[in-house]
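See structure below.
The values are calculated or read from the model by the stated rules, or taken from the named source; none is laboratory data. Fair warning: this is a prediction, and the values are worked out from it, not measured in the lab. We place every Cβ from the backbone using ideal geometry, glycine too, and count neighbours over all the protein chains shown. Surface areas here come from the heavy atoms of the whole protein model, side chains and all, with no ligands, DNA or RNA. Shrake-Rupley method; radii C 1.70, N 1.55, O 1.52, S 1.80 Å.
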Amino acid sequence: MRKLKCLLVLLLVIVTPFLLSACKSAESPNSTQDKKVTINFFNQKPEITTQYQKLIKMYEKKHPNVSVQLTTSGQGGGAAALQSKFSSGEAPDIIMLGGLPEIDRYKEHLLTLKNMSATKNTLPRLISGGMTEKHRLVGIPVDLEAYGWVINKEVFQKAGVDPNRIHNYAEFVSAVQKIDAQKDKLRLQGVFGFNGADTNSITSMSAQFTSDYYKNDQVKAFDSKKFPWTKEERMKQYLQLVKQYSVKPILSVKYDESIQDLLFNGKVAMIPQGNWVIPTLDGLQKGWVQQKMGMLPYYVKDDGSDELLTGSSWYLGVTKDHPSHEKAAKDFINWMYNSKEAQDVIINEMRFVPATKDFDIKRLSDDVSKEIYEVGISKDAVTPIHKQYPNGFANEVIGPMVQRYLVGKTTWENLKKVISNQYKQLKTVQSGQ
């Protein structure tokens, strides 16, 4: 009997460490979940910083073990600030990416997002904008944006011009001339408030004449080493129209001024922008957008089929630099895209149009946003490709060249030559081929 007791004691001494080790192993997943995780989110859209902070507080309240640190840098400095983060070894966990050139720059850091629930309802034609050259999905579109002419409907109405009756370029020119003929009576500074000081706005305008060429294939646009001039004549006509009928001096008009003063106060009939101006306008006067804002496309085809360009300038990616943060980062993004409470903030406060299929259009708070969604989901929708231009092209090439052309400092032929050569050179250098 004493021998049996000794054997049992010895057995317990031998087995107990293994049992404790097994218990610890079994507990490790839960104990990991109990640890506080801090994920870093790099945002390149300063105008929605407040709304992102609100979403973060909502999420942290429901997920006390997760902290989200938001860093915002934009207004032309976002790309450099993001690159600095990676260079200093402080790679964010979630990053807002501006087009395939940025995706290509960070592709080795980015996780594949194909199986995330947030990607399931993405509009199919926008998927290529979040892919690497090997067709690996690494970015989710932030929203659906429309590019065209933002108009002040009140000015059009006072001038006796019905925007719904404009269907081609000739009718657009007639409307411009009719408004201009009443400029003094309407107390206008110009028909257009073209913000010639902003090279990014000039670049997005150029997309009106280059995008259809690529048939919604963003990767093809990114890979191309040629700037497409298939709509050259119409691009030239629009720039000449702007030169004649815009506020002067044209290069002095800045982005904020064109929206918050010229358009809002009815000093011009229209500006070349998109629906990202909605929060600013409604912030100046509640209900202004629903009452006074409309949008017109650029008339390039002249067959009655021209619509607003609709796409996404920004995509969200998740890095793999901090493996222990990956799940938390993905969970936060899935929550933003799938939960009704997050979507309510995104739709009603950010005023975004979701870049998703099967969205209930009634949830959008203004008619312009509803129109954009309907155009965006149509089979003939065209995605703008200016975000796929090479790095530096907007601010160093096409922007300055168009500015020079608008003030008579260069010819159209020289503009074409410089843009074509510089585009090819930048693409060649940046592709490493």
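Please verify whether segment 95-116 includes one or more residues that are exposed (fewer than 14 other Cβ atoms within 10 Å of the Cβ), closer than 27 Å to Y298 by Cβ and of a type in the set (A, V, I, L, M).
The answer is no, given that none of the residues of segment 95-116 is exposed (fewer than 14 other Cβ atoms within 10 Å of the Cβ), closer than 27 Å to Y298 by Cβ and of a type in the set (A, V, I, L, M).
Search segment 230-258 for residues being of a type in the set (F, W, Y) and touching a helix residue (DSSP H, G or I) at 6+ places or on another chain (Cβ under 7 Å), and hand back the single one that is least open to solvent (accessible area, probe 1.4 Å). Walk me through it before giving the result.
Initially, segment 230-258 is screened for residues of a type in the set (F, W, Y), giving 238, 245, 255.
Imposing the further condition that a residue be touching a helix residue (DSSP H, G or I) at 6+ places or on another chain (Cβ under 7 Å) reduces the set to 245, 255.
Working: Y245: 24, Y255: 73 Å².
Going through the qualifying residues, I end up with Y245.
Being modelled with pLDDT of 95 or more, open to solvent by less than 60 Å² (accessible area, probe 1.4 Å) and either more than 30 Å from N348 (Cα to Cα) or assigned to a helix (DSSP H, G or I) (or both): is that true of V382 here? So that I can check it myself, show each step before the final result.
Details: modelled with pLDDT of 95 or more: yes; open to solvent by less than 60 Å² (accessible area, probe 1.4 Å): yes; either more than 30 Å from N348 (Cα to Cα) or assigned to a helix (DSSP H, G or I) (or both): no.
The answer is no for V382.
Report every pair of residues separated by at least 6 positions or lying on different chains whose Cβ atoms are under 8 Å apart, first residue within segment 403-417 and exposed (fewer than 13 other Cβ atoms within 10 Å of the Cβ), second hydroxyl-bearing (S, T, Y).
Close Cβ pairs satisfying both conditions: T411/Y405.
So which residues in segment 177-212 are within 21 Å of V402 (Cα to Cα), of a type outside the set (S, T, N, Q) and either assigned to a loop (DSSP other than H, G, I, E, B) or touching a Lys or Arg at 6+ places or on another chain (Cβ under 8 Å) (or both)? Lay out the reasoning, then the answer.
First, the residues of segment 177-212 that are within 21 Å of V402 (Cα to Cα): 190-212.
From what is left, the residues that are of a type outside the set (S, T, N, Q) are 190-194, 196-198, 202, 205, 207, 209, 212.
Once the filter is applied, which keeps residues that are within 21 Å of V402 (Cα to Cα), of a type outside the set (S, T, N, Q) and either assigned to a loop (DSSP other than H, G, I, E, B) or touching a Lys or Arg at 6+ places or on another chain (Cβ under 8 Å) (or both), segment 177-212 yields G190, V191, G193, F194, G196, A197, D198, F209, D212.
Just checking, which of K158, K153 is more than 30 Å from the chain's Cα centre (by Cα), at pLDDT 95 or above and of a type outside the set (A, V, I, L, M)?
Details: K153 fails: more than 30 Å from the chain's Cα centre (by Cα).
K158 is the lone residue from the list that is more than 30 Å from the chain's Cα centre (by Cα), at pLDDT 95 or above and of a type outside the set (A, V, I, L, M).
For segment 239-257, which positions are among the aliphatic types (A, V, I, L, M) and either assigned to a helix (DSSP H, G or I) or free of Cβ contacts under 8 Å to residues at least 12 places away in the same chain (or both)? Break it down stepwise before answering.
Initial filter on segment 239-257 (among the aliphatic types (A, V, I, L, M)): 239, 241-242, 247, 250-251, 253.
Listed by number, the residues that qualify are L239, L241, V242, I250, L251.
Filter segment 154-176 for residues that are part of a helix (DSSP H, G or I), of a type outside the set (K, R) and in contact with a helix residue (DSSP H, G or I) (Cβ under 8 Å, 6 or more places away or on another chain) and give the result. Even if it seems obvious, please write down each step before you answer.
Our first condition is that a residue be part of a helix (DSSP H, G or I); within segment 154-176, this holds for 154-159, 163-165, 169-176.
Narrowing the set further to residues that are of a type outside the set (K, R) leaves 154-157, 159, 163-164, 169-176.
E154, V155, F156, A159, P163, Y169, E171, V173, A175, V176, listed by residue number.
For segment 344-362, enumerate the residues that are assigned to a helix (DSSP H, G or I) and open to solvent by 70 Å² or more (accessible area, probe 1.4 Å).
Passing the criteria: N348, K362.
Determine whether segment 199-221 contains at least one residue that is out of contact with any helix residue (DSSP H, G or I) (no Cβ under 7 Å at 6 or more places or on another chain), among the aliphatic types (A, V, I, L, M) and either under 24 Å from W276 (Cα atoms) or open to solvent by 60 Å² or more (accessible area, probe 1.4 Å) (or both).
Restricting attention to segment 199-221, the residues satisfying the condition of being out of contact with any helix residue (DSSP H, G or I) (no Cβ under 7 Å at 6 or more places or on another chain) are 205, 208, 210-213, 215.
Adding the requirement that they be among the aliphatic types (A, V, I, L, M) leaves 205.
Add one more test, that the residue is either under 24 Å from W276 (Cα atoms) or open to solvent by 60 Å² or more (accessible area, probe 1.4 Å) (or both), and what stays is 205.
Yes, because at least one residue in segment 199-221 is out of contact with any helix residue (DSSP H, G or I) (no Cβ under 7 Å at 6 or more places or on another chain), among the aliphatic types (A, V, I, L, M) and either under 24 Å from W276 (Cα atoms) or open to solvent by 60 Å² or more (accessible area, probe 1.4 Å) (or both).
Are there helices (runs of 4 or more DSSP H) fully within segment 1-110 with at least 3 residues that are within 17 Å of I333 (Cα to Cα), out of contact with any strand residue (DSSP E or B) (no Cβ under 9 Å at 6 or more places or on another chain) and modelled with pLDDT of 90 or more? List them.
Numbers: elements: 2-34, 49-62, 78-87, 100-106.
Per the criteria, 49-62.
Is segment 137-153 home to any residue that is open to solvent by 50 Å² or more (accessible area, probe 1.4 Å), part of a helix (DSSP H, G or I) and of a type in the set (D, E, K, R)?
Looking only at segment 137-153, we keep the residues that are open to solvent by 50 Å² or more (accessible area, probe 1.4 Å), and these are 153.
The next check asks that each one be part of a helix (DSSP H, G or I); those that pass are 153.
Still in the running and of a type in the set (D, E, K, R): 153.
Yes; the residues of segment 137-153 include at least one that is open to solvent by 50 Å² or more (accessible area, probe 1.4 Å), part of a helix (DSSP H, G or I) and of a type in the set (D, E, K, R).
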